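Here is the structure we will look at.
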Amino acid sequence: MEKQAYWVGFNLVRGIGSVRMKNILDYYGSLEIAWDAPASGLTAAGLPARVVENFIQVRSSVNLEKVMEKITSQGVQVYTWDDDIYPKRLKEIAQPPPVLFAKGSINVEDDWAVSVVGTRRITPYGRQVTSEIARFLAENGITVVSGLARGVDAIAHQTALQSGGRTIAVLGSGVDVVYPPEHRKLAEEISVQGAVISDYPMGTQPESTNFPPRNRIIAGLSLATIVVEAGETSGALITAKFAVDQGRDVFAVPGSILTPQSEGTNHLIEEGARPLLRMSEILEVLKLENIPEKQANRKSITATQDEKKLLQYLSQEPKYIDEICNLSGLPIQSVSATLTMMELKGLVTHVGGMNYVAAREQKATYKVN
């Protein structure tokens with residue numbers, strides 16, 4: 001049986017998220033071994049009694065081969081922490097989802113992504129601004145991420161598609177349960193020109209408690225989050241908070257002080273979010289000028305095996321060269337020489353004191369010699 005099946009199996013267990021999944025992996029080394037473990041072993045791995053009971057029930061009632069057959073038959077892709085194509089930026093957040101289900105595909109172009117979120121009760125002003133933002137992003141080769149909800153989300157997705165760009169919709173349900181139902185056709189279109197994704201198992205219904213957690217994925221996939229319109233209790237503000245917690249930029253579109261839909265965005269600006277006054281500010285702040293050219297250049301960049309290995313351990317958080325050596329298992333002389341060449345190629349940036357970060361536009365899987 002494929003290793004992915006065990007990831008999917010553990011993902012079916014209520015109470016097992018990223019923290020407990022990591023504990024299981026640390027204790028057993030593989031989910032395949034953990035799947036057959038006795039209850040006492042799972043307790044030793046850090047699972048509370050209630051979660052162990054949930055696991056035993058799932059293990060005894062689920063045929064993993066049939067589950068995987070169903071997933072494959074519906075054209076759904078599965079991405080786990082073990083997969084190279086798992087979104088690297090999402091993997092950097094505090095609690096990345098161990099499993100992602102996707103209709104469509106996630107690819108290296110999506111390393112350049114910005115989320116556009118906001119109220120379901122959109123005003124004509126919000127509709128116009130959302131369309132202009134999504135069109136601008138798409139035309140500049142930036143993937144538009146949102147949540148497929150009514151209002152701002154739907155317009156952002158639709159405009160990105162109409163502009164020939166990529167877009168990713170993150171659901172608060174299984175990828176086979178589109179909500180709201182009137183967006184099924186939109187979801188199908190997105191899956192052709194991007195991806196509809198979720199960390200919830202197939203068949204999961206869109207319960208209200210599912211939506212706040214999925215917002216961390218919207219923010220986590222993105223270099224920045226743009227809030228167009230949002231009331232004081234809008235879920236878009238939750239996405240903005242996740243973005244701040246993840247160290248990502250937040251833009252807010254200023255609005256009328258007389259409209260309830262602008263209360264949340266104006267408050268974000270008051271709290272320090274960047275007011276979005278010109279579209280070009282997005283590119284300037286995020287250093288995303290000339291993305292189409294950078295995409296073309298990246299295809300011609302060839303990374304050696306050692307360069308590709310080091311890229312796995314580099315992010316936007318500075319890492320000292322000794323730590324990179326320890327993580328990669330390569331000798332210091334090799335790491336030093338490889339980092340120098342990677343800097344010349346624009347794959348990494350030396351930020352002083354022998355500390356390195358991955359260049360934002362180069363966080364991807366490269367062709368290997």
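Show me, for segment 262-270, the HN-Hα J-couplings you get by feeding each phi into the Karplus relation (A = 6.51, B = -1.76, C = 1.60, θ = phi - 60°), rounded to Hz, glycine and proline as x.
Rounded to whole hertz, the list is 9, 4, x, 5, 4, 5, 4, 4, 4.
Place a +1 charge on the Cβ of each Lys and Arg in the chain and a -1 charge on the Cβ of each Asp and Glu, then give the dipole magnitude about the Cα centre in debye, rounded to the nearest 20. Each step should come with its number before you reach the end.
Working: 37 positive and 41 negative charges, 67 e Å.
Charge dipole of the chain: 320 debye, to the nearest 20.
Considering only DSSP beta bridges where both residues belong to the chain, give the percentage that are antiparallel (nearest 5). Write down the numbers at each step before the final one.
Details: 15 of 37 bridges.
Around 40 percent of the beta bridges assigned by DSSP in the chain are antiparallel ones.
For semi-axes √(5λ) of the Cα gyration tensor in Å, the choices are [x] 35, 25, 19; [y] 33, 22, 20; [z] 32, 29, 19; which was calculated from the structure?
[z]
Using the charge dipole of segment 1-116 (Lys, Arg: +1 at Cβ; Asp, Glu: -1 at Cβ; taken about the Cα centre), state which of V108, G29, V13 has its Cα farthest towards the positive end.
V13
Give the distance, in whole Å, between the Cα centre of segment 76-97 and the Cα centre of segment 214-237.
19 Å
I122's amide H: which non-local residues (gap 5+, or another chain) put their own amide H closer than 5 Å, with H modeled 1.01 Å from N in plane and none for Pro or chain starts?
V152
Tell me the label-point distance for the pair S256, Y125, using the 7 Å Cα-to-Cβ offset, in nm and rounded to one decimal.
0.6 nm
Calculated from DSSP H runs of 4 or more alone, at -39500 (n - 2.57) each and per residue, what is the 222 nm mean residue ellipticity of the chain, nearest 500?
Details: 18 runs with 169 residues, N = 369.
It comes out at -13000 deg cm²/dmol, rounded to the nearest 500.
If packing is taken as the average number of other Cβ atoms within 10 Å across a peptide's residues, how do 120-133, 211-224, 313-326, 190-203 rank, most packed first?
211-224, 190-203, 120-133, 313-326
Return a whole-number percent for the relative contact order of the chain, with Cα pairs under 8 Å and 6 or more residues apart as the contact set.
On the way: 670 pairs, mean separation 47.7, N = 369.
Value for the chain: 13 percent.
For segment 251-260, take each phi angle, set θ = phi - 60°, evaluate the Karplus expression 6.51 cos²θ - 1.76 cosθ + 1.60, and give the result in whole Hz per residue in order, putting x for glycine and proline.
Once θ is set to phi - 60°, the couplings for segment 251-260 become 10, 10, 7, x, x, 4, 6, 9, 9, x Hz.
Going by average Cβ density within 10 Å per residue, which order do the peptides 94-101, 146-153, 333-340 take, highest to lowest?
Details: 94-101: 21.5, 146-153: 25.1, 333-340: 15.5.
Those peptides, ordered most packed to least, come out 146-153, 94-101, 333-340.
Could you derive backbone 3J(HN,Hα) for segment 148-154 from the dihedral phi with the Karplus parameters 6.51, -1.76 and 1.60 (θ = phi - 60°), listing whole Hz in sequence and x where the residue is Gly or Pro?
6, 6, 5, x, 4, 4, 4
Would you mind checking which residues have amide H under 5 Å from A113's amide H? H placed 1.01 Å from N; only 5 or more apart, or other chain.
Counting only residues 5 or more places away or on other chains, the set is T143, L223.
Quick note: the coordinates plus some simple rules give every number you see, no bench work behind them. Not measured: the values here are computed from a predicted model. Note: ideal-geometry Cβ built from the backbone for every residue, glycine included; neighbour counts use all protein chains shown.
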